[in-house]
Amino acid sequence: QVQLVESGGSLVQAGGSLRLSCAASGRAFSIYTMAWFRQVAGKEREFVAAISWSGGRTDYVDSVKGRFTISRDNAKTTVYLQMNNLKPEDTAVYYCAADRSWIVRKNPDEYGVWGQGTQVTVSS
């Protein structure tokens, strides 16, 4: 089982960029599908992006396509979320999650390991 720690959240102006990182510790990071979710207080956790164990397949929610890029470095056991052209509606707590599966999935219930979250705030 891996453990996950997110970093990189901050306050940024609309149109700006941030890169979130999720450092994993523990065994077998490379066989996990990794994903980013986000949550606003009072709302359900929303899928943002996911990447397969090899990095060969990625998936995004429509609202971030063309602005966000998910990537991973298995040698560093880290997954990243590059966020460009940020909008106020991107404001949320962002969570990193791991799924011991070869399938890239969007349902948060499929992910068994979660980080503690990092706050992203985009001002208008």
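The values are calculated or read from the model by the stated rules, or taken from the named source; none is laboratory data. Nothing here was measured: the structure is a model prediction, and the numbers come from that model. Ideal geometry is used to build each Cβ from the backbone, glycine not excepted, and the neighbour counts take in all protein chains shown. These area figures cover heavy atoms from the full protein model, side chains too; ligands, DNA and RNA do not enter into them. Shrake-Rupley method; radii C 1.70, N 1.55, O 1.52, S 1.80 Å.
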With θ set to phi - 60° and the Karplus curve 6.51 cos²θ - 1.76 cosθ + 1.60, what are the ³J(HN,Hα) couplings of the range 56-72 in order, to the nearest whole Hz, using x for Gly and Pro? x, 10, 10, 8, 9, 6, 4, 5, 10, 4, x, 10, 10, 9, 9, 8, 8
Global size of the chain as Cα Rg and Dmax, reported in angstrom: 13.3, 41
Could you tell me the calculated FRET efficiency between SER124 and LYS76, based on Cβ-Cβ distance and R0 = 41 angstrom, to the nearest 0.05? 0.75
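Explain nothing, just the number: dipole magnitude of the chain about its Cα centre with +1 on each Lys and Arg Cβ and -1 on each Asp and Glu Cβ, in debye rounded to the nearest 20. Before the final figure, lay out each step's value.
Details: 14 positive and 11 negative charges, 49 e Å.
In debye, rounded to 20, the chain gives about 240.
Could you report the chain's accessible area per residue, 1.4 Å probe, as an integer in Å²? Walk me through the numbers before you get to the answer.
Details: 6250 Å² over 124 residues.
So the chain comes to 50 Å² accessible per residue, rounded to a whole number.
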Loop sites in the range 11-44: trypsin sites (Lys or Arg not before Pro), DSSP, at most 15 other Cβ within 10 Å: ARG27, LYS43
The range 41-90 - Kirkwood radius from inverse mean 1/r over Cα pairs (Å): 12.1 Å
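Over the chain, what is the relative contact order in whole percent, taking alpha-carbon pairs under 8 Å and six or more residues apart?
It rounds to 36 percent for the chain.
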All-pairs alpha carbon distance profile, the range 63-124, 5 Å steps from 0, percent: 4, 14, 21, 27, 21, 10, 3, 1
Among the lysines, select those whose C-alpha is under 19 Å from the C-alpha of LYS106, and discard any that sit fewer than 8 residues away in the same chain. LYS43, LYS65
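Computing the accessible area with a 1.4 Å probe over protein heavy atoms, can you report the carbon and sulfur percentage for the chain? Please report the intermediate quantities before stating the final value.
On the way: 2950 of 6250 Å².
Of the solvent-accessible surface of the chain, carbon and sulfur hold 47 percent.
What order, most packed first, do the peptides 28-36, 78-86, 64-72, 108-116 have when packing is the mean number of other Cβ atoms within 10 Å of each residue?
Numbers: 28-36: 22.1, 78-86: 20.3, 64-72: 17.3, 108-116: 15.7.
Most protected by this proxy first, the peptides run 28-36, 78-86, 64-72, 108-116.
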